[in-house]
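Colleague: Take this structure first; my questions come after.
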Amino acid sequence: MRATGAVRGGVGLAAERLGHGPEVLVTTTSDHVALRTPTRPDHVSGNALHLYDPPEAIRPWLERHATTVGAVPGVTRAVVCWEVDDDLAGTEPRVAAPGDLPRDAGVDRVSVLEWRPDLPGDESGDDSGDDPDRRAVLAGLDVRDPAGLDIRSGRDEKVLAGARALYLQAGWGDDVDYWRWHTAQQLDLMVAGRCDVWVASVMGIPASRVSVMHDRAGLAIVEDVVTHPLHRGRGLASAIVVHALDHHLAARPRDRVVIRADADGAARRIYERLGFVPVATDVVVTRPTRGS
Ligand SMILES: CC(C)(COP(=O)(O)OP(=O)(O)OC[C@H]1O[C@@H](n2cnc3c(N)ncnc32)[C@H](O)[C@@H]1OP(=O)(O)O)[C@@H](O)C(=O)NCCC(=O)NCCS
């Protein structure tokens, strides 16, 4: 079974092969493995098993997942996704026969936003070329670091411990061992030069965090933005995302930068204010695996 399809206008969250080659970015979520696989020239990022097009039938793909990514110990969900261009966003996911969706499967939609700020003199807003103004645009955004904010990245345990503590405040699960493992994975990626983890502290106490990962093939992903509940609404997430983005663009000025967010969540408003625009919607079908 091989996913095929024409390159569309979106980001291209698709993978036609699974593997752990040097360019395959393997990350983790709370109960499945995420593979980000550059398989297409315009870049690709896959999370779980990504298909190029809406599948004719979903069951074979869920089975396929169960025997590949799903075989990894600890994986308790089969996740199959496909990207729908933005003009189709909001439509029902195309699963050929309604009866094809297993009863225990759930369907979610996640917005994929790309950083495409309006550049001076560029009415299309398309900044895909070698444009030296991207960081200047970032600097011109109405985002200021709140007083006393100290933003750092690094491979040291202090940063990682702060990042871990903040994950526990996100509402994404409170298994400390899991987050320890998760940040250890990020450390591996940091050592490989493919990830930065940023922590913003107020009076020395971690208050906000974000990661930026890239695939060495022209795509970067801003992930896991979390602000401690006591510090929300003060501009910390906006400040740390701008900081992380600026740092990334200094090193990799031409990368496309994307971010995924709940279609109607508060985070999406923040990202849009920073110049991220929705380019696609991920349709995500999830089913518990047999071992769960
Ligand atoms: C989403 C989240 C990261 C936002 O963090 P935050 O630090 O509160 O974000 P900001 O302060 O930059 O922006 C939040 C709001 O405060 C407003 N704000 C920004 N600076 C402000 C300031 N100085 N004073 C008052 N309000 C301010 C923003 O305009 C924004 O308003 P909006 O809700 O109308 O869009 C945080 O709520 C969180 O951790 N949620 C749980 C995890 C999560 O869902 N992460 C997103 C994953 S995609």
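Colleague: Is it fair to say I270 is under 21 Å from A161 (Cβ atoms) and outside any strand (DSSP E or B)? It would help to see each step written out before you state the result.
Modeller: On the way: under 21 Å from A161 (Cβ atoms): no; outside any strand (DSSP E or B): yes.
Taking the combined requirement at face value, the residue does not satisfy it.
Colleague: What are the residues in region 175-209 that are touching a residue at least 40 places away in the same chain (Cβ under 8 Å), hydrophobic (A, V, I, L, M, F, W, C) and closer than 20 Å to A220 by Cα, if any?
Modeller: L189, V197, W198, V199
Colleague: Same structure again: So how many residues does region 241-262 have that are under 16 Å from R216 (Cβ atoms), of a type outside the set (A, V, I, L, M) and not in a helix (DSSP H, G or I)? Steps first, please.
Modeller: Step one: list which residues in region 241-262 are under 16 Å from R216 (Cβ atoms), which gives 248-249, 251-258.
Remaining after also requiring of a type outside the set (A, V, I, L, M): 248, 252-256.
Cutting the leftovers down to not in a helix (DSSP H, G or I) gives us 252-256.
Count: 5.
Colleague: Among the residues of region 159-170, is any more than 16 Å from the ligand (Cβ to nearest atom) and of a type outside the set (V, I, T)? Give the derivation first.
Modeller: Here is the first cut: in region 159-170, the ones more than 16 Å from the ligand (Cβ to nearest atom) are 159-161.
Filter once more, keeping what is of a type outside the set (V, I, T): 160-161.
Checked region 159-170: at least one residue is more than 16 Å from the ligand (Cβ to nearest atom) and of a type outside the set (V, I, T).
Colleague: When V285 is evaluated against the numbered criteria (1) more than 14 Å from the ligand (Cβ to nearest atom); (2) crowded, with 21+ Cβ neighbours inside 10 Å; (3) closer than 16 Å to R134 by Cβ, which criterion, by number, is the only one it fails?
Modeller: Of the numbered conditions (1) more than 14 Å from the ligand (Cβ to nearest atom); (2) crowded, with 21+ Cβ neighbours inside 10 Å; (3) closer than 16 Å to R134 by Cβ, the odd one out for V285 is (3).
Colleague: Additional query: Within region 134-154, which residues are in contact with a Phe, Trp or Tyr (Cβ under 8 Å, 6 or more places away or on another chain) and of a type outside the set (S, T, Y)?
Modeller: Step one: of region 134-154, the residues in contact with a Phe, Trp or Tyr (Cβ under 8 Å, 6 or more places away or on another chain) are 151-153.
Matches in region 134-154: I151, R152.
Colleague: Between S211, S201, S238, which is modelled with pLDDT of 85 or more, under 18 Å from the mean Cα position of the chain (by Cα), more than 8 Å from the ligand (Cβ to nearest atom) and at negative phi? Full working, then the answer.
Modeller: Details: S201 fails: under 18 Å from the mean Cα position of the chain (by Cα); S238 fails: more than 8 Å from the ligand (Cβ to nearest atom).
Checking each option against the conditions leaves just S211.
Colleague: Determine which member of the set I259, I270 is crowded, with 18+ Cβ neighbours inside 10 Å, under 24 Å from V80 (Cα atoms) and within 12 Å of the ligand (Cβ to nearest atom). First the steps, then the outcome.
Modeller: Working: I270 fails: under 24 Å from V80 (Cα atoms).
Within the list I259, I270, the selection yields I259.
Colleague: Let me ask something additional. Hey, L236 hits all of (1) crowded, with 19+ Cβ neighbours inside 10 Å; (2) without any contact (Cβ under 8 Å) to a residue 12 or more places away in the chain but one; which does it fall short on?
Modeller: Condition (2) is where L236 drops out.
Colleague: For region 217-235, which residues satisfy the criterion of being touching a Pro at 6+ places or on another chain (Cβ under 6 Å) and either in a strand (DSSP E or B) or within 13 Å of the ligand (Cβ to nearest atom) (or both)? Before you say what the answer is, go through the steps one by one.
Modeller: Keep residues of region 217-235 that are touching a Pro at 6+ places or on another chain (Cβ under 6 Å), which gives 217, 234-235.
Matches in region 217-235: R234, G235.
The values are calculated or read from the model by the stated rules, or taken from the named source; none is laboratory data. Small disclaimer: the values here were computed from a predicted structure and weren't measured. Heads up, the Cβs are rebuilt from the backbone with ideal geometry, glycines too, and the neighbour counts pull from every protein chain shown.
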